[in-house]
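A short write-up of the structure that comes next.
The values are calculated or read from the model by the stated rules, or taken from the named source; none is laboratory data. Just so we're clear, the structure is a prediction, and the values are computed from it rather than from any experiment. Reconstructed Cβ throughout: ideal geometry from the backbone, glycine too, with neighbour counts over all protein chains shown. Surface areas here come from the heavy atoms of the whole protein model, side chains and all, with no ligands, DNA or RNA. Shrake-Rupley method; radii C 1.70, N 1.55, O 1.52, S 1.80 Å.
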Amino acid sequence: MVSKTDDIPASVPNCTPVDDVAEDGETALKEPCPCGHSAAAVVMNGNAGHDQAEEAESKQDGSGDADPSDDANEQEVIVIQDTGFTVKIQAPGTEPFDLQVSPQEMVQEIHQVLMDREDTCHRTCFSLQLDGNVLDNFAELKSIEGLQEGSLLKVVEEPYTVREARIHVRHIRDLLKSLDPSDSYNGVDCNSLSFLSVFTDGDLGDSGKRKKKGSELEQIDCTPPEHILPGSKDRPLVPLQPQNKDWKPLQCLKVLTMSGWNPPPGNRKMHGDLMYLFIVTVEERHVSITASTRGFYLNQSTTYTFNPKPANPSFLSHSLVELLSQISPAFKKNFTALQKKRVQRHPFERIATPFQVYSWTAPQIDHAMDCVRAEDAYTSRLGYEEHIPGQTRDWNEELQTTRELARKNLPERLLRERAIFKVHSDFAAAATRGAMAVIDGNVMAINPGEETRMQMFIWNNIFFSLGFDVRDHYKELGGDAAAHAAPTNDLNGVRAYGAVDVEGLYTLGTVVVDYRGYRVTAQSIIPGILEREQEQSVIYGSIDFGKTVMSHPKYLELLEKTSRPLKVQRHAVLNEKDSAVELCSSVECKGIIGNDGRHYILDLLRTFPPDLNFLPVEGEELSPESQKQGFPRQHRHRLACLRQELIEAFVEHRYLLFMKMAALQLMQQKANKESKTAALPESITAETVSDSKPAAAPEASEAAGKEADETIPGLAQAKELAESLATDDGSDPKSREVVLNACKAVGSISNTSFDIRFNPDIFSPGVRFPEDSAEDIQKQKQLLKDAAAFLVSCQIPSLIKDCLDHTALPMDGATMTEALHQRGINVRYLGNVLEFVDKMPAKPQLEHVYRIGITELITRCTKHIFKTYLQGVELSALSAAVSHFLNCFLSSFPDAVAHLPADELVSRKKNKKRRNRVPGGGDNTAWASLTPSELWKNIASEALRYYHFTLQCESVDQAVEKYGLQKITLLREISVKAGIQVILIKEYNFDSRHKPAFTEEDILNIFPVVKHVNPKASDAFHFFQSGQAKVQQGFLKEGCELINEALNLFNNVYGAMHVEICACLRLLARLNYIIGDHPEALSNQQKAVLMSERVLGIEHPNTIQEYMHLALYCFANGQLSTALKLLYRARYLMLMVCGEDHPEMALLDSNIGLVLHGVMEYDLSLRFLENALSINSKYHGPRSLKVALSHHLVARVYESKAEFRSALQHEKEGYTIYKNQVTPPSHSRRFEPPLVQLCHQAAGFTAPSMASVLEQLNIINGIIFIPLSQKDLENLKAEVQRRQQLQDSGKIEEQQEDGQLALDDKIPVDD
């Protein structure tokens, strides 16, 4: 999509921001063809930038660090920015107005702006003319002769065609629905919810209603609703989606629909009739309208008689809006009001998101008549299909063509990445829609004669298959369980190969959809594959898990390029004739050359090596660390793989080990030279460590390495050595021996340099290796065992350590899973992680992690059971079945009874004879017999079987009691995981023992859960990272510029909405705030909140954090009541998501307490601050600095209340902690003045100043301002550079401890 960056309006005073972002999501008219030539617009500009970009390019490639590429970055920046100019636009019936445009825009984009502007939004069929010449829609503005600053462009109405008339009706319908949230609740057309404006009363910037300034404090009502106060056990669901008053739609029409007289008969076509509409106005007037080539007019038809002659008067108008405004006063009034409101909304509330976000709750929405929706439901239209020549899209061709675009310089790469991203998001939407159609039984199978679970489907050029084991393909590997796991493994493979991005190697577009208990894999289709048998087309790899294997030189050459980044070892396997065949991937990976001549690889389910902890192999012993934890364990299937993140971490770990070993040996050689005799025994031990037993070496050498690290400056030498060896021709045998020993010790596949790769076929049943590689295979097996041991002995403990010192702060299931995945831990290790936490002495400080882990474990087990449960339910009983299941899972009501739909009981006899065609659609009422105790037994046994974890609970109430869970959190987690949407008009009474919590009316919908690849904007990401690095070094201004540039590039690739843009805006807002530009901080953070709500979900942990940041900036801008509302919203969301007992809640409560203190609500303030104090004491330990600060904050409130004894008590406690913790006296001085003041203070006391409250707010949010003189700044820069150099040479460790505190105090720290 051609997006403009949302930053343009800042520099353009005379155009509203709405115009600028509007074209992002409103329509896809902009991509007239799949190759996306219109997309070139924004990025490509004059030739000025090109040569610079290329030389910058060569510089940037060469350097991995932020610094050397700075000049390159600055040069590349020039490419994007281009001076805009202003043109005048004259539309019929309106005053001419100015519009800011940029030279690389297309004419098409001006069309979009006009279709979104309040006064011209009702026009769709027009051309733009300059001096009487019609401008080409796809021309760039800079290529148009005579177009310059101040030119006048005329909007000229054009005659309609059927297509244009349909587009017009659709556009009018979109305008009428523009404030209606039902599409967001229903999860269609990439609409999603956002509630920020409910809490800020509209926009926060200057355009919004100005907030009361600090002087009018008295009028603020600060009391939060009861359920938000600390200690409240009530968790209502209804406030999750507050009613937005703007959503009470202004009714413009009662009915707008296609008439039953369509299409026009031949004689009327020749009079220019295109189609007929039927409309009922608010005044109950029924009219029939003809859309003709000249516009819209009233005809004389009624519901039952066809009379296409124009009525008298016919009100012929070029636009439907003009016609309706003449015949219905209510339409005129309400449509104008509606458009005013529409234009006032923040653009981010209405732009479409790149991927659909579903809401797990929704109010009851009225189902209104809607002709466009009805039409869409029965065509295979996707997005704007009918505007694309050639009707259905050839997805494979689009996906592969975009990959082939040039990528030599920045503009080319941006263009390519944008095209890839656009096609991917369209493909994901199409695949999701198709998968739902397949499961709902709306698509004919391509093998209709076979049993339903074996059927395959093609719809809209996408191939769909179900996640069942067809023809015993996976029999050896675990049957259906393996068939269910294979698609996600395959998707991970596609993601990995896509990220390596080797030219000439192609993967299929792949999307995995879970819907109604079925797993559907959607793939793009290789040209020609359907005409031939698979046996003929596969020229590389194996179709029978290694019995027959083929290879192909071209594939080997292409895959060789991926082997280093993916750590895949090239290896030989035996084929059926016992001859060796070279492969550079797992045997299942198949190579097929399509009819388009491209080299495709598919079935990438074993891209990464097997996880031996979950793959018991006879005769193989795992390493002691794994055995100690009870591995290997039996898993459901034999496809358990290690994650890519784990492989990366493991190799990184081995590299450090390699460096340390080499350094150690170098030291010893040096020592030997100096005193042969003394150091002899030592050198022998080192040699034996590295030679004798490569298997045991890591432990021994690690110990040696640790000592080495402290005593030697040898790491730097080792690095030099490694570099010199790369260039060396082998003249120095000593150093070669050092490297050889180190290589052997860490299991490198090369003897002259560090290089670790895995053979993914080890332990694959049916794969045989040649005799001569036996030794190598042994090494590989050992490497796999080491990697499996590394996961349990290093990665899990490091995760727990990160949770202990709060660098990892999971808040719900999704963030917990993310934390595991970042460290390469699969979710099947969740039971282990929980056991590990359970055995920790510091378990109380990890209670939040334990609780979230248990919730995640229970809901995942429930999801597994729910999946099979749903497969046995026919469509008519779906809502009854889902509500019954939720009752069994969450309701305290002991004998939940299912309500079978009445009609089902009648039709059972007939049903037996019919063979139902919907997958799993038998008339099965077995689901109705499920009971709560049976379900919880199943959950416990699933936990034991899958996670090897013993759950000590037999009902939901025991679980809540024993593990401190919340039922509302369990409901949220299971709904999100299983795609259930529940109704939000009443509170669910889970604890009633007299009636079940859910009825079938409460289940509104079942959504798909979709997994797909997220293409990345690589250049933008590099800018973002170097910006972050700069900020961390204290260069705020440079950092700010880089991050602004990253934002531009992100907007270029992703359009206006994306998770990464959200992160960018958040950082930018924080920088603006630190630099002192509060309004700008507020504006950026507002965008970040809106985007987080829209892209991640309204109660995603990320959104909660964004709300907290926004509240701080609101406070700094003097908008106190808004700040409080935002903090209360954040607290409510957090209570829903993870409950009150969470370290992050302490920060939130400190914020709320401080703001309340600022508005002199002392008693309320104390409730929040004392809660924060107790949470901080629990999670940070009673002696931590956070607790000291909490004491200080509480003391200040007591002081304001004139309760000096309590104040003194808290100040003393805080002071004691400071004194014990902080050696430099600088910090504790901060506490002396309050103590002295308190002692001297008489009865007189004043309210705290806003500045002092803000200072404390900054401190608790990790932003510390210390006034610095110029000299301090110079010293600081020198210090930062010195540390930088130290870090580069690897000597930083010892000095970190003492340097840290001092440094943290001097600059605004972002933590």
* Asked: For the residue pair VAL238 and ILE539, what label-to-label distance in nm results when each label sits 7 Å from Cα along the Cα-to-beta-carbon direction?
  -> 6.8 nm
* Asked: In nm, what is the difference between 0.36 nm times the number of residues separating GLU560 and ASP201 and their Cα-Cα distance?
  -> 123.4 nm
* GLU771 paired with VAL897, simple spin-label distance in nm, labels 7 Å along Cα-to-beta-carbon -> 7.5 nm
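If r is the Cβ-Cβ distance from LYS1219 to GLN822 and R0 is 30 Å, what FRET efficiency results, to the nearest 0.05? Write out the running numbers ahead of the final one.
Working: r = 38 Å, r/R0 = 1.26.
The pair LYS1219/GLN822 has a calculated efficiency of 0.20.
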* Could you state how much accessible area THR293 has, in square angstrom rounded to the nearest 10, with a 1.4 Å probe and all protein chains kept in place? => 50 Å²
* Asked: Using a 1.4 angstrom probe and counting only protein chains, how large is the accessible area of ASP578 in Å², to 10?
  -> 90 Å²
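What does the extension gain come out to for ASN595 and GLU158, with contour length at 0.36 nm per residue minus their alpha carbon separation? Before the final figure, lay out each step's value.
Details: separation 437, 0.36 × 437 = 157.32 nm, distance 4.31 nm.
Roughly 153.0 nm would be gained on extension.
Please tell me which of these pairs span more than 27 angstrom C-alpha to C-alpha: LYS245/LYS995; LYS839/LYS1178; LYS1087/LYS1125; LYS986/LYS1087; LYS660/LYS1277; LYS269/LYS422? Don't skip to the answer; put the middle values down first.
On the way: LYS245/LYS995 34 Å; LYS839/LYS1178 18 Å; LYS1087/LYS1125 17 Å; LYS986/LYS1087 31 Å; LYS660/LYS1277 31 Å; LYS269/LYS422 38 Å.
From the list (LYS245/LYS995; LYS839/LYS1178; LYS1087/LYS1125; LYS986/LYS1087; LYS660/LYS1277; LYS269/LYS422), the Cα-Cα distance tops 27 Å for LYS245/LYS995; LYS986/LYS1087; LYS660/LYS1277; LYS269/LYS422.
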* List the residues of region 87-108 whose backbone N lies under 15 Å from a point placed 7 Å from the Cα of GLN148 along the Cα-to-Cβ direction. => 87-88
* Asked: Calculated FRET efficiency, GLN1281 and LEU656, Cβ-Cβ r, R0 30 Å, to nearest 0.05?
  -> 0.75
* Scattering profile of region 1023-1160 at q = 0.11, 0.12, 0.19, 0.20 Å⁻¹ [log10 I(q)/I(0), Debye over alpha-carbon scatterers] -> -0.41, -0.49, -1.10, -1.17
* To do: Kindly list the residues of region 584-605 that lie in the label zone of ARG532, defined by a backbone N under 18 Å from the point 7 Å along the Cα-to-C-beta vector.
  => 589-603
* Asked: What residues of region 543-578 lie in the reach of a label at GLN782, counting those whose backbone N is under 17 Å from a point 7 Å from the Cα along Cα→Cβ?
  -> none
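With r defined as the distance between the Cβ atoms of HIS286 and LYS245 and R0 fixed at 25 Å, what FRET efficiency is calculated, to the nearest 0.05? Intermediate results must be reported in sequence, preceding the final value.
Details: r = 31 Å, r/R0 = 1.26.
The calculated FRET efficiency here is 0.20.
Which peptide among 1018-1026, 853-861, 1203-1211 comes first, and what is the full order, when sorted by highest mean count of other Cβ atoms within 10 Å?
Working: 1018-1026: 20.8, 853-861: 24.2, 1203-1211: 17.9.
In descending order of packing, they fall as 853-861, 1018-1026, 1203-1211.
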* Label points 7 Å out from Cα along the Cβ direction at SER1252 and MET270: separation in nm? -> 9.1 nm
* Full-extension gain in nm, LYS670 to LEU574, via 0.36 nm per residue minus C-alpha separation -> 29.8 nm
